[in-house]
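What follows is a set of notes on a single structure, which appears directly below.
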Amino acid sequence: MQVRESLGLPVNFKTSEDGNSFVVDQQPSTEFRHTELSIVRLSSTGDGIGVDKLEDGTTEIVVVPYSIPGDLVRAKIYKKLEYYSLADFEEVISGGQARDDSLIRCKYFTKCAGCQLQMLPYEKQLLHKREVIVRAYKYFCNVSDGVIPEIGDTIGSPLEYGYRTKLTPHFDVPRNGHLPAVTPIGFTQKGRSFVIDIEECPIGTPAINAEYKKERLRVRDTIGTYKRGATLLLRESMEIDETTKETKKAVCTDSKDIVTEYVNSYRLMYPAGDFFQCNSSILPRVTEYVNTQIKLPLSSNESSTVPAPKYLVDAYCGSGLFSITCNDSVEEVIGVEISPKSVSFATSNAQDNNIANAHFVLGDAAVIFEKISTPPKETSMILDPPRKGCDSTFLNQLLDYLPRRIVYVSCNVHTQARDLAYILSDRRGLKYRVNSIRGFDFFPQTHHVESIAVLTLED
Ligand SMILES: C[S@@+](CC[C@H](N)C(=O)[O-])C[C@H]1O[C@@H](n2cnc3c(N)ncnc32)[C@H](O)[C@@H]1O
């Protein structure tokens with residue numbers, strides 16, 4: 001939108017309900033054309049956006065993966081959409097100032113769809129991710145000036161590579177039964193739907209990569225037994241010998257296996273196939289941050305002694321990560337979760353960690369308010385929904401309940417910005433003040449950013 005604006009082109013984009021994509025009225029057309037173009041922006045999906053000057057004097061906007069502002073690149077356009085075209089990256093003719101190709105650690109970078117930013121120094125990745133949040137709020141949260149505070153700096157991951165404690169490589173088996181000489185096992189090629197063979201993934205932990213090697217051999221040896229393709233599961237689990245206190249990293253490959261994770265002094269267990277955050281190195285920073293936000297005094301007045309809320313409702317609580325790590329800030333925690341397995345693990349995780357003030361309710365977050373009896377003025381609420389964000393049924397009930405503080409943790413800042421606009425534009429939510437918004441980088445080298453927004457209901 002910014003690029004089109006700067007070129008004086010129309011920007012009347014419609015977005016899909018989940019805020020993730022633009023709705024286009026025109027069917028895409030196939031167009032194959034090689035071109036050289038300058039990259040002027042980096043999109044929220046981590047792709048370069050370039051302006052292609054055509055011979056007839058018109059300009060076309062082209063999305064070129066693996067490129068950054070300042071690059072002059074060769075690319076092959078393969079699809080024309082209503083507002084822009086998509087291209088395959090071919091090569092860098094001259095690199096932008098920020099590009100440092102010596103940082104690239106994966107030989108499949110520019111083919112695999114997993115990472116987008118390996119050529120960008122880490123501090124610049126963090127600045128870019130802050131910009132993604134700034135733009136998400138600019139374009140998806142249409143509220144009065146001054147309501148959204150300046151976006152804070154993005155907090156980095158202690159590990160920039162070797163951090164992913166979960167990998168899910170896959171392979172396809174042709175339906176006609178004619179197996180290729182070597183079945184590719186790995187990840188999807190950028191812009192395509194087929195799998196490319198990838199032996200290791202440098203953002204995966206060393207333990208995950210070691211087990212992945214074995215799994216690849218096992219699949220290759222037994223490939224004739226597969227009627228269709230499959231996705232492999234690799235999930236790192238921490239084991240501590242209770243007597244010697246020595247730690248060992250194991251890797252679970254069955255979705256029913258039980259994974260153990262330590263976050264500071266808390267031990268959390270969950271089934272390998274269920275949701276859990278996949279970068280352990282950043283979890284102490286994130287959970288301590290969320291806990292600090294819950295403890296903040298209620299008034300913006302520095303000398304205020306009005307204490308923080310006594311109760312915490314952790315909607316979308318999973319196996320209890322925030323309920324457990326933030327329990328010491330409040331008198332009582334109520335976790336809500338739609339997955340029965342996660343609720344049962346959240347309950348046993350609280351027991352294992354000797355936490356008596358947390359209990360967990362099975363249910364849809366959209367209808368939990370009738371089960372919550374804590375006084376809203378003394379209740380903080382953590383929202384950590386899936387990528388699609390909160391639905392309007394949930395947000396309307398939240399606006400009837402009006403918790404004193406909201407800590408909204410999101411893996412999709414576009415739906416978070418949309419949801420904040422819903423809350424802040426409703427007359428019931430007018431008294432919410434947005435205290436802060438900042439990103440946490442759970443996935444270095446990729447375009448993803450987690451965003452945490454904190455809101456307090458003023459008197
Ligand atoms: C992004 S995860 C967060 C989990 C947890 N906060 C954590 O960090 O481990 C979202 C969780 O919401 C749960 N969930 C999805 N839809 C839900 C709904 N309608 N009501 C309650 N929980 C839901 C999922 O099962 C998942 O555990």
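The values are calculated or read from the model by the stated rules, or taken from the named source; none is laboratory data. In this text the structure is predicted, and so the values were computed from the model without any measurement. All Cβ positions, glycine included, derive from the backbone under ideal geometry; neighbour counts span all protein chains shown.
Computed values, structure above
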| quantity | calculated |
| --- | --- |
| Filtered residues of the stretch 373-407 (kept if closer than 15 Å to residue 298 by Cβ and within 27 Å of the chain's Cα centre (by Cα)) | 379, 380, 381, 402, 403, 404, 405, 406, 407 |
| Only one of 236, 242 that is part of a strand (DSSP E or B) and either away from the ligand (no atom under 16 Å from the Cβ) or not assigned by TED's automatic domain parsing to the domain that holds residue 335 (or both) | 236 |
| Enumerated strands (runs of 3 or more DSSP E) restricted to the stretch 381-459, each holding at least 2 residues that are closer than 20 Å to residue 127 by Cβ | 432-440, 450-457 |
| Test for residue 292: is it within 13 Å of the ligand (Cβ to nearest atom) and not assigned by TED's automatic domain parsing to the domain that holds residue 234 | no |
| Condition broken by residue 128, with the remaining ones in (1) assigned by TED's automatic domain parsing to the domain that holds residue 254; (2) touching a strand residue (DSSP E or B) at 6+ places or on another chain (Cβ under 9 Å) satisfied | (1) |
| Members of the stretch 50-64 that are surrounded by fewer than 21 Cβ atoms within 10 Å (Cβ to Cβ), touching a strand residue (DSSP E or B) at 6+ places or on another chain (Cβ under 7 Å) and of a type outside the set (S, T, N, Q) | 51, 52, 53, 54, 60, 61 |
| Residue match in the stretch 203-217 (condition: part of a loop (DSSP other than H, G, I, E, B) and surrounded by 16 or more Cβ atoms within 10 Å (Cβ to Cβ)) | yes |
| Qualifying positions in the stretch 197-254 - within 21 Å of residue 174 (Cβ to Cβ) and of a type in the set (Ser, Thr, Tyr) | 222, 225, 226, 231 |
| Identity of the residue in the stretch 369-400, within 12 Å of the ligand (Cβ to nearest atom) and acidic (Asp, Glu), that ends up modelled with the highest pLDDT | 384 |
| Filter result for residue 137 (at pLDDT 95 or above, farther than 21 Å from residue 42 by Cβ and surrounded by 18 or more Cβ atoms within 10 Å (Cβ to Cβ)) | no |
| All positions within the stretch 401-418 that are in contact with a strand residue (DSSP E or B) (Cβ under 7 Å, 6 or more places away or on another chain), away from the ligand (no atom under 15 Å from the Cβ) and in contact (Cβ under 8 Å) with a residue 60 or more places away in the chain | 403, 404, 405 |
| Among residues of the stretch 329-357, those that are more than 13 Å from the ligand (Cβ to nearest atom) and in contact (Cβ under 8 Å) with a residue 12 or more places away in the chain, counted | 11 |
| Test: residue in the stretch 427-442 that is free of Cβ contacts under 8 Å to residues at least 12 places away in the same chain and more than 14 Å from the ligand (Cβ to nearest atom) | yes |
| Looking only at the stretch 91-134, and only at residues there that are of a type in the set (A, V, I, L, M, F, W, C) and without any contact (Cβ under 8 Å) to a residue 40 or more places away in the chain, the one that is surrounded by the fewest Cβ atoms within 10 Å (Cβ to Cβ) | 127 |
| Hits in the stretch 256-271 (condition: away from the ligand (no atom under 14 Å from the Cβ) and either free of Cβ contacts under 8 Å to residues at least 24 places away in the same chain or crowded, with 19+ Cβ neighbours inside 10 Å (or both)) | 256, 257, 258, 260, 265 |
